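So the structure is just underneath, and the comments pick up after that.
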Amino acid sequence: MMSLRTCFHECKADRMTRYDTHFVGQTLPSKVFYRFGRFIVSGGIRVYTRMSIIGRENLPATGAFVLSPVHRSYIDTPISGALTTRRLRFLGKDSMWASKWFGWVLSSLGAIPVTRGTADREAMKRAVTVLEAGEPLVLYPEGERKSGPVVQPMFDGAAYIALKAGVPIIPVGIGGSERVMPKSAKFIYPRKVRVVIGEALHPNVPVGEGSRVPRSAIAAQSAALHAELQRLFDMSMVGVGWSYPPESSHDQNATND
């Protein structure tokens with residue numbers, strides 16, 4: 001006879017399996033909602049910021065990948081969504097799900113709630129599940145929004161998830177978004193944005209199903225991603241006519257010297 005504890009754990013696992021399956025599923029309402037929202041928001045962003053894109057051919061037309069942009073502004077998310085007509089998945093801080101209605105909207109678009117500052121294993125599992133279903137996923141390797149011209153020390157999540165799922169990472173430099181909507185701003189400003197999409201960083205080790213990803217492989221992939229992001233970020237900033245945003249950490253260091 002099955003114990004209550006066993007029943008509880010099996011039922012809980014079954015609910016999570018069904019949730020994951022529904023989460024990854026391409027339902028018609030979800031696709032329609034995503035395409036409509038993308039058309040309105042991305043179209044407005046492209047016109048308002050006079051956004052130019054270099055390297056669009058580096059985005060895979062099919063199959064899963066991890067899109068890893070630098071992160072300087074809230075508008076980096078709609079900018080990322082404007083790079084391809086394919087449906088992108090995003091990670092979002094769990095506090096955004098506080099509102100039941102807004103949480104439903106986020107989930108219907110395929111967003112994944114994560115707890116900032118913790119190793120949320122369930123979020124990692126869902127991210128890998130999305131990639132295994134053949135969908136692209138957006139991960140900001142710097143974590144939260146940063147400021148200045150230097151790509152900050154990165155979390156290993158993007159490298160780990162890409163290696164675990166066996167998919168490439170597409171690095172992206174976004175120049176100008178910090179001027180369009182700085183951290184303290186409540187509105188966006190009509191400033192030019194340039195996006196530079198780099199070539200794919202392919203998995204550097206084969207990982208079998210259920211096996212662990214070597215720590216050395218994660219570190220190597222993260223280091224390669226960091227270097228490429230800095231190169232692309234530099235190119236994108238030059239493309240909008242400035243080498244670094246005002247009041248950046250670079251300026252502050254120069255002032256303190």
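The values are calculated or read from the model by the stated rules, or taken from the named source; none is laboratory data. All values reported here derive from a predicted model rather than from experimental measurement. Positions of Cβ are generated from backbone atoms using ideal geometry, with glycine treated the same way; all protein chains shown enter the neighbour counts.
Quick look at the values:
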{"quantity": "Complete set of residues in the range 62-74 that are within 14 Å of Ser177 (Cα to Cα) and either at pLDDT below 90 or surrounded by fewer than 20 Cβ atoms within 10 Å (Cβ to Cβ) (or both)", "calculated": "Tyr74"}
{"quantity": "Test: residue in the range 189-205 that is among the hydroxyl-bearing types (Ser, Thr, Tyr) and crowded, with 23+ Cβ neighbours inside 10 Å", "calculated": "no"}
{"quantity": "Selection count where residues are closer than 30 Å to Val213 by Cα and not aliphatic (A, V, I, L, M), scope the range 166-195", "calculated": "4"}
{"quantity": "Residues that are within 20 Å of Ala82 (Cβ to Cβ) and among the β-branched types (Val, Ile, Thr), drawn from the range 140-199", "calculated": "Ile169, Ile170, Val172, Ile174, Val180, Ile188, Val193, Val195, Val196, Ile197"}
{"quantity": "Criterion violated by Ile54 - all others in (1) among the hydrophobic types (A, V, I, L, M, F, W, C); (2) at pLDDT 90 or above; (3) within 19 Å of Ala133 (Cβ to Cβ) satisfied", "calculated": "(3)"}
{"quantity": "Matching strands (runs of 3 or more DSSP E) fully within the range 32-128 where at least 2 residues are more than 25 Å from Arg194 (Cβ to Cβ) and in contact with a helix residue (DSSP H, G or I) (Cβ under 9 Å, 6 or more places away or on another chain)", "calculated": "112-114"}
{"quantity": "Qualifying residues in the range 129-188 (those that are part of a strand (DSSP E or B) and either more than 21 Å from Ser222 (Cβ to Cβ) or not hydrophobic (A, V, I, L, M, F, W, C) (or both)) - the one farthest from the chain's Cα centre (by Cα)", "calculated": "Gly175"}
{"quantity": "Scope the range 135-191; condition at pLDDT 90 or above, more than 24 Å from Val66 (Cβ to Cβ) and of a type in the set (D, E, K, R); matching residues", "calculated": "Arg179, Arg191"}
{"quantity": "In the range 78-93, the residues that are surrounded by fewer than 16 Cβ atoms within 10 Å (Cβ to Cβ) and within 21 Å of Gly157 (Cβ to Cβ)", "calculated": "Lys93"}
{"quantity": "Subset tally (residues that are free of Cβ contacts under 8 Å to residues at least 40 places away in the same chain and among the small types (Gly, Ala, Ser)) for the range 144-175", "calculated": "1"}
